Amino acid sequence: HFPHEVHCSCLTPDGQHVVCGTGDGSISVACYRTAKVVSVIHAHTSCVNSVCMTKNGSHIVSGSDDMDVWVTDWWSRKHFLLRRHTHSVVKVCMTSDDKSVVSVSHDGIVCITRIHDRLVLHNIKLSRFRDRHNCHGITCLHSLCITPDGTRILIGLSNRDLCVINVQTGRCVL
């Protein structure tokens, strides 16, 4: 068992470990076969809502209710703050080239941030999706993924809408 409630998880690319974001703000890494926790990372101060890993398995990316996106080196467990949003971070996802992180927060901001220099490539406000079923004045953002070719970001919304964003331009195309 994990020491705290598990809110999100992902597998390492080699399938040997599971990375879990927990309610106390920690990230637990456990052996997939035994569920034995082998490492605990303390980067966040509030519930971790989303975790993902680079395809090469070198880094863990996490987003939390503390409004932060952290990047943690898988081998050294050292981490750095990549981005601070103005509301809870609900989803994080790596671009297909493993060079940037897409993060989505409850304020309706979709941010694409390059990892190596922390440069914000795009900061997209989803204001056109306002409706009566909202969180903090904007439609709740429920899901995030990137197309396999890395050209589009797909975001599922609580108003039953889907937003498709061009990664290069940062503009909604649907």
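Each value in this text was obtained by applying a stated rule to the coordinates, not by laboratory testing. Everything numeric here is computed off the predicted structure, so don't read it as measured data.
Residue 58 to residue 76: extension gain in nm, 0.36 nm per residue of separation minus the Cα-Cα distance?
On the way: separation 18, 0.36 × 18 = 6.48 nm, distance 0.97 nm.
Value of the extension gain: 5.5 nm.
Distance from the Cα centre of region 37-100 to that of region 1-32, in angstrom?
So the two Cα centres are separated by 12 Å.
From largest to smallest, what semi-axes in whole angstrom does region 1-95 give when each is the square root of 5 times an eigenvalue of its alpha carbon gyration tensor?
On the way: eigenvalues 75, 45, 23 Å².
Equivalent ellipsoid of region 1-95: 19, 15, 11 Å, largest first.
How big is the chain by the Kirkwood estimate over distinct Cα pairs, in Å? Can you show the working numbers first?
Numbers: mean 1/r = 0.0618 Å⁻¹.
After inverting the pairwise mean of 1/r, the radius is 16.2 Å.
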